[in-house]
Structure formats: C-alpha cells, structure tokens
Amino acid sequence: MRMLSLLVLCIALSGPLLAQPKSEKTLPELPKYECLRTSSPPQIDGLLSEPMWRQTPRVYLWECIAAGRPQQRTTVRMRWDNNYLYVAARLYETDIRSELTGRDAAVFTEQCFEVFLQEGASPFQYWETDVSPLNTLFDSRIFNDGEHFQVHNAYNPRDLATAVERHGTINEPYDSDRCWTVEMAIPFRAVPTATRQLPRCGECWRINLYRIHNWDEPDEEISAWSPTGVRSFHVPERFGWIQFITGPDL
C-alpha cells in the first residue's frame, strides 16, 4: 500500500508538470561532462575532503526553467570506475531544512539533490537518486516515454551509498547556514540498460543533475545542470551527456 501511495504521489508531481508551458527563452545546448576515471574510490562520508575531488572539474546548476543564475548556488564533480559513478555536490544554502526520514520517502517535496542517469541506448529508462539534507534517500527506476510515466522503487541496491555533511544547523530558521555537501556512489548495475550494465572508456551516457530548494513554497527554486524549460525534471530529451574517460591516476 505504501509503494502504491508513493507511486501516485510521484505521478501527481511529475505528470502535470510535464504539461507546463516551456520558457520563451532559448535553452542552451545540451552540456557534456568528461568524467575522469579513478583507481582510488573516495570514502563516501559527505566531507569531499579527498585530493581527488579538488582535481576534478566542476559544473554549476542553473535555473531549471529559464536557465538563469539561481540564488542558491550548486556545484557538482564526478568520477567513475568499473562499478560506480561517484558524485560530489556542494549546495550553498542559507536555511537548511529537511523533515522526511526512511528509505524512499518523498524527499523531492522538500530540499534535495538529485541525479538522473541513463544509458545512451535506453532513451525511455533511467535511474533516479535523490538525497535530502538528512541523508534520506529516494531511488527508483523510471520509465518515461513522454506518454507513460512509471516509477519502480521496490528495487533498492545494497551497494548504493550516500552521505551528507551539513555546514549549519538544520530546521533553525533564525540563523544563517552556509551549505550542505553530498557524496554518492551509484552502482552502474542499478541503471536500466538495453545492452550491458557497465560503461566502457570513451562511451557516452545521458545524465542530469538537479536541486530542489523548498518545493512549492514562496521561495521555491529548482535548478538543473541542463535546464529543461519546464517546472519538471523528468524531461529525458534535455539530459546532458557524460563521457567516461581516463585521466590522472587519482
């Protein structure tokens, strides 16, 4: 019953939003990220303290609809190895808030950071990983062909790891916070694929990175690496590209 309720909530949030009118502003070209390989996996502790991360190219998130500069800045860095995509994000935030707990809670209704990962040969299927400032995790396989939207969140890979570090006080509106940081290890085997489970060096997959700041509140701000032009993240044709390449042995 709980899974059915969550499915209904996901569809309620995602379905109508796909019908929102697109921004009149021309969207930028789809971005591409050259993801460097690592032979030394980071410790997933949310601290982002490994030298590897400081030597990894970063990207910024933009307003999801109009592609402008958001008030709450977000930077993301990524690495990969044979089994995982590693993600490090820093979310600048003056008022860190989060209430939901429990695996697959609807963290997309409050503050959260999200990664949508799609194999290049699977245009209608992708993997969603969402994390809140409390490190509450929502993950799901998504089928979305533009007409049908299905959420399959019963599968919870044991080796998917996330961690959060908060630089401020949570749920204290009368002070000013600095940021919260997220670290993820997303197993490639969790991503629905049409061919094989693991990317090859030089291969390109699709990805988008998102942030929700206070969903459906007066100060709501939704951000994306590749802006979608609508008030929704579930727009696969706007996913950017991630190319898996070799790099310095870090």
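Values computed for the structure shown
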read-out: Pair list, Cβ under 6 Å, 6 or more apart: segment 31-54 residue in contact (Cβ under 8 Å) with a residue 40 or more places away in the chain and closer than 17 Å to residue 89 by Cβ, other residue aromatic (Phe, Trp, Tyr) and part of a helix (DSSP H, G or I); value: none
read-out: Segment 59-78 - residue that is free of Cβ contacts under 8 Å to residues at least 60 places away in the same chain and either crowded, with 22+ Cβ neighbours inside 10 Å or among the charged types (D, E, K, R) (or both) and, of those, farthest from residue 48 (Cα to Cα); value: 69
read-out: Residue match in segment 206-213 (condition: surrounded by fewer than 21 Cβ atoms within 10 Å (Cβ to Cβ) and not β-branched (Val, Ile, Thr)); value: no
read-out: Residue match in segment 168-180 (condition: modelled with pLDDT of 95 or more, surrounded by fewer than 21 Cβ atoms within 10 Å (Cβ to Cβ), within 20 Å of residue 210 (Cβ to Cβ) and in contact with a Lys or Arg (Cβ under 8 Å, 6 or more places away or on another chain)); value: yes
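Listed here are the residues, each with its yes/no results for (1) within 18 Å of residue 234 (Cβ to Cβ); (2) crowded, with 21+ Cβ neighbours inside 10 Å; (3) in contact (Cβ under 8 Å) with a residue 24 or more places away in the chain.
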{"site": "95", "(1), (2), (3)": "no, no, yes"}
{"site": "104", "(1), (2), (3)": "yes, no, yes"}
{"site": "118", "(1), (2), (3)": "yes, yes, yes"}
{"site": "154", "(1), (2), (3)": "no, no, yes"}
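The values are calculated or read from the model by the stated rules, or taken from the named source; none is laboratory data. Computed from a predicted model, the values in this text were never measured in an experiment. Counting neighbours? That spans all protein chains shown, and the Cβs are built from the backbone with ideal geometry, glycine included.
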